[in-house]
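For reference, the structure discussed in these notes is given below.
Nothing in this text is a laboratory measurement; each read-out follows from the coordinates by a stated rule. Just so we're clear, the structure is a prediction, and the values are computed from it rather than from any experiment. Please note: Cβ atoms are built from the backbone with ideal geometry, for glycine as well, and neighbour counts cover all protein chains shown.
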Amino acid sequence: MKILTFEVGGEERVGLLIDGKVADVNSGYALFLKEVEGEYRPTEISNVRLPSDMIEILKGGESSMKALKETSDYLGKLLEEDPVAPDQRRVFYSFEEIRFKAPVPRPPKLLELLHAYKGMTTVFRRPPPKEVIFRPKGYQHTVNSHGGPIVIPKEFLSNKVMTQIELGIVIGREAHRISEERAYDYVAGYTVFNDVNVIDVAAREGYMVSFKPDSYPTFGPFGPWFVPKEQIPDPQNLDVTVRINGRTVQEYNTKDMLFTIKHVIAYISEGLPLEPGDVISCGAAEGVQERCIIKPGDTVEGEIEHIGMLRNPVTSE
C-alpha cells in the first residue's frame, strides 16, 4: 500500500494509490462497509475508523491498518467502475484532479539526523560521531509536498542551496524510552524526504549548531506517500537515487548509515517522546556538497527503492 494525503475541492483527504488512481480511503471504506459488511451506518463508522486526518488514522494503530488493507483489496476490484460512497462522495480521482499534500501535513515533530553516513567526515570536519546526532528540521512551516515548489529566499540566490534526498521514518505509536529490539513496532512506514539546506550559510554558522539554513518554508518536502513498514523488505538496504533536471547526480544505499534505524529510534526516544505522525529524516550520504546544488528553474527528483519518487520544482521569491 501507498498511503497519502491529498487535496480536492479545497478539502484535505487521506488516500491510497491503487493502480495509478488515488482512492479516498474514508469514502472507499464506507462503501466497503455498506456493500460487503452490510453495515447500517457505514459513513459514521468510516468517519471513526478512517477519518480524513492522517495522524488520527495513525493513532488507530493496527485497527486502522486493517481497515486500510480491507479498503485497498476491495477497491482494487472496482478500478474499471466509477463508484460513489454512501454519502455520494466520489471514491477515485486521477492525479490531474488532486493536489498532493505531505503524507503527514502537520507532523508534531520533524527531526533530522546529522553526520549519519559513512564518508561524511570531510563535510562535518570531525571524526564520525560515537552516538546519534539529531535536531529539529524546522517546524511545520518547513513541510512541503510532492510537486510543491522549493522556494529559495531572495537573499540566498547567490548562495549554494543543496538538496539532500534521505529516507524518512514515519512514527506510528507513542514511543518513550523504548528498546532497540522493539523499535520497529513504533514505525508506521517510510517515505522519501528532501532535506533542503543553504550549505554555505550552514558552513559559516556551524553544521552542528545552527538549524536556520534548512528551516525555511518549503525546505522540507516529503512524500508523495509513505509505504507501511511491512512492505519494505529491509530499510537498511534501500537504493537511493537523486536527479536534477533528469541527470543522476547521486546514488547511495541506506546500508551505509552509521547507526541502525532501530538504534536511531530508541536513542531519540530516551529523552524525547515520539508520537504518531512524527517524521525523522535519516541524513545525507557522501557527495551531496559537490553534486546536489540547486537553483531556480531546476527540477529535483529523489527516488528510494520500494517507496517511490518525490519530485519538486525549484523557484525563488
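Here are the numbers for the structure shown:
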| quantity | calculated |
| --- | --- |
| Alpha-carbon Rg/Rh ratio, for segment 235-282, with Rh computed the Kirkwood way | 1.11 |
| Net lengthening on full extension, Arg99/Asn47 (0.36 nm per residue, minus Cα-Cα) | 16.5 nm |
| Extreme residue, positive dipole direction of the chain, given options Phe134, Thr248, Cys282 (C-beta unit charges) | Phe134 |
| Straight-distance crosslink candidates among lysines, where the alpha carbon sits under 26 Å from Lys295 and sequence neighbours closer than 8 are dropped | Lys101, Lys137, Lys154, Lys160, Lys212 |
| Cleavage-rule hits, trypsin sites (Lys or Arg not before Pro), segment 3-84, DSSP coil, Cβ neighbours within 10 Å at most 14 | Lys77 |
| Net charge of Cβ neighbours under 12 Å - reference Phe193; Lys, Arg +1; Asp, Glu -1 | -3 |
| Relative contact order (percent, whole number), the chain, Cα cutoff 8 Å, 6+ residue spacing | 22 percent |
| Residues His176, His146, His263, sorted so that the one with the fewest Cβ neighbours within 10 Å comes first | His176, His263, His146 |
| Relative contact order %, segment 3-100, counting alpha carbon pairs below 8 Å whose residues are six or more apart | 36 percent |
| Qualifying GluC sites (Glu not before Pro) in segment 1-74, DSSP loop, other Cβ atoms within 10 Å at most 16 | Glu37, Glu39 |
| Per-pair calculated FRET efficiency, R0 = 41 Å: Glu131 and Glu35 via Cβ, rounded to 0.05 | 0.20 |
| Dipole-positive endmost among Ala266, Leu238, Ile199 within segment 102-316 (Cβ charges, Cα centre) | Ile199 |
| Debye intensity ratio in log₁₀ form over the Cα atoms of segment 3-100, taken at each q of 0.12, 0.16, 0.18 Å⁻¹ | -0.32, -0.58, -0.75 |
| √(5λ) per eigenvalue of the Cα gyration tensor, segment 231-313, largest first, Å | 26, 15, 13 |
| Net lengthening on full extension, Asp185/Asn237 (0.36 nm per residue, minus Cα-Cα) | 16.8 nm |
| Segment Gln140-Arg291, extension gain: residue separation times 0.36 nm, minus the distance between their alpha carbons | 51.6 nm |
| Label-point separation, Asp87 to Glu155 (7 Å along Cα→Cβ), nm | 4.5 nm |
| In segment 36-109, chymotrypsin sites (Phe, Trp or Tyr not before Pro) in a DSSP loop with at most 13 other beta-carbon atoms within 10 Å | Tyr40 |
| Simple Cβ-charge dipole of segment 102-316, Lys/Arg +1 and Asp/Glu -1, about Cα centre, in debye nearest 20 | 520 debye |
